[in-house]
Amino acid sequence: MNGVIYPGTFDPITNGHVDIIRRSAQAFGHVLVAVGRNPDKETVFTMEERVQLVRDATSDVQGVDVEGFDGLLVYFALKKRIRLVVKGLRFVSDFEQEFQMAMINRKLDSRLETIFMVSSETYTYLSSSVIKQIITLGGDVSTLVPRNVELALVDRFRLGARA
Ligand code: PNS
């Protein structure tokens, strides 16, 4: 498989992620969105839910596949015959962590290259954590996430409140 791999936790996918997916598909022809686990992060949505949310949110974009993965990204990418990782950069502060990750991935397997795509200014302030904070505090996220994600969030946090 050619094209790029776009890995992330996507808990949940935001309009900022969708923007990077659209632009990657346009720039590289094909993007495999790899929904992974960050051992340091507890997620609101399960892996299966996150994969489905990304699939539904990007169903109108040509050249996109979505898969969940466990284990190291480098092994998953190479198994899929992809050697280019794309990551979105919002602020300089993102760079430090992403740079470290890119170096580690290259150390693990030097065939894997990482490139950074600068986020559109409309979405610079967006993150999955901010979205979760807004929704738990009763705010409106309708302009920040795809519609299916908004519905899933409302559902998840309402059910949580009732439990
Ligand atoms: O949403 P994030 O935090 O940008 O996503 C991070 C993710 C899932 C891409 C990253 O944690 C990852 O690649 N996890 C798989 C394990 C791995 O390969 N880690 C890098 C070497 S420590």
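When you restrict to C-alpha pairs under 8 Å that are six or more residues apart and normalise by the size of the chain, the relative contact order lands at 29 percent.
What does the charge add up to near S129, with Lys and Arg as +1, Asp and Glu as -1, over the other residues with Cβ less than 10 Å from its Cβ? Spell out each step's value before the answer.
On the way: positive: K41, K132; negative: D11.
Summing Lys and Arg as +1 and Asp and Glu as -1 gives +1.
What's the longest bit of the chain with no exposed trypsin sites (Lys or Arg not before Pro), using DSSP loop states and at most 13 other Cβ atoms within 10 Å as the test?
Numbers: sites that count: K41, R81, R111.
Result, exposed sites excluded: 112-163.
Taken over the alpha carbons of region 4-121 as equal point scatterers, the Debye sum produces base-10 log I(q)/I(0) values at 0.11, 0.14, 0.15, 0.23 Å⁻¹ of -0.32, -0.54, -0.63, -1.58. Each residue, Q62 and E113, gets one label point 7 Å from its Cα in the Cβ direction; the gap between the two is 2.5 nm. Among the lysines of the chain, pairs that are 8 or more positions apart or on different chains and have alpha carbons within less than 21 Å of each other number 6. Of the chymotrypsin sites (Phe, Trp or Tyr not before Pro) in region 72-151, the ones in a loop by DSSP (not H, G, I, E or B) with at most 15 other beta carbons within 10 Å are F91, Y125. Distance from a point 7 Å along Cα→Cβ of S127 to each backbone N in region 43-80: keep the residues under 16 Å and list them by number. 43-44, by backbone N distance to the label point. Using only Cα atoms, locate the centre of region 70-112 and the centre of region 16-61, then give the distance between them in Å, rounded to an integer. If you average the Cα positions of each part, the centres end up 15 Å apart.
Read-outs throughout are calculated quantities, based only on the coordinates presented, and are distinct from any laboratory measurement. The model shown is predicted, which means the values in this text are computed figures rather than measured ones. In this analysis, Cβ positions are derived from the backbone assuming ideal geometry, glycine residues included, and neighbour counts consider all displayed protein chains.
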